[in-house]
Amino acid sequence: NKLGDINEDDIRRAREVDVWTLFDVRNKRGNTCLCIFHDDKHNSFAIKRYSNGVQGWVCFSCQAKGSGAIDFVMKRDGVLFTDAVKLLFKN
């Protein structure tokens with residue numbers, strides 16, 4: 001089953017990417033760090049791994065939020081789902 005240039009296996013592998021690996025983490029303390037979506041002075045960006053393996057992420061200052069690496073890349077790069085999946089394979 002294909003969706004454009006990607007297939008279900010591509011999507012599965014993209015969902016397994018750890019969000020922490022997708023950006024330069026400055027001042028990381030536990031599960032929090034500086035948010036990349038705004039000029040952050042305090043650790044307001046948090047990532048949590050749920051029992052099903054999915055990572056949820058949220059910034060408590062600017063309210064950016066999502067579920068997993070695909071959502072993160074879509075927000076960070078301003079791209080659509082299929083392009084986010086493709087970008088994750090460069091990491």
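The values are calculated or read from the model by the stated rules, or taken from the named source; none is laboratory data. Model, not experiment: these values are computed from the prediction. In this analysis, Cβ positions are derived from the backbone assuming ideal geometry, glycine residues included, and neighbour counts consider all displayed protein chains. Surface accessibility is based on the protein's heavy atoms, side chains included, excluding ligands, DNA and RNA. Shrake-Rupley method; radii C 1.70, N 1.55, O 1.52, S 1.80 Å.
What's the total number of residues in the stretch 19-37 that are open to solvent by less than 50 Å² (accessible area, probe 1.4 Å) and farther than 10 Å from L88 by Cβ?
8
Kindly indicate whether V58 is of a type in the set (V, I, T) and part of a loop (DSSP other than H, G, I, E, B).
no
Got a number for residues in the stretch 67-91 being more than 17 Å from R12 (Cα to Cα) and outside any helix (DSSP H, G or I)?
Going through the stretch 67-91 one residue at a time, the tally reaches 2.
Would you please name the residue that is farthest from D71 (Cα to Cα), looking only at residues in the stretch 19-54 that are assigned to a loop (DSSP other than H, G, I, E, B) and of a type in the set (F, W, Y)?
The extreme case among them is Y50.
Evaluate the following for R49: is it under 13 Å from the mean Cα position of the chain (by Cα) and at pLDDT below 90?
So R49 fits the description; yes.
When only residues in the stretch 6-18 that are open to solvent by less than 60 Å² (accessible area, probe 1.4 Å) and free of Cβ contacts under 8 Å to residues at least 60 places away in the same chain count, which is nearest to S67 (Cα to Cα)?
It comes out as D18.
Which of (1) open to solvent by 90 Å² or more (accessible area, probe 1.4 Å); (2) charged (D, E, K, R); (3) more than 21 Å from F89 (Cβ to Cβ) does D40 not meet, given it meets every other one?
Only one criterion is unmet by D40, namely (1).
Looking at S67 and the list (1) closer than 16 Å to D5 by Cβ; (2) open to solvent by 40 Å² or more (accessible area, probe 1.4 Å), which single condition is not satisfied?
(1)
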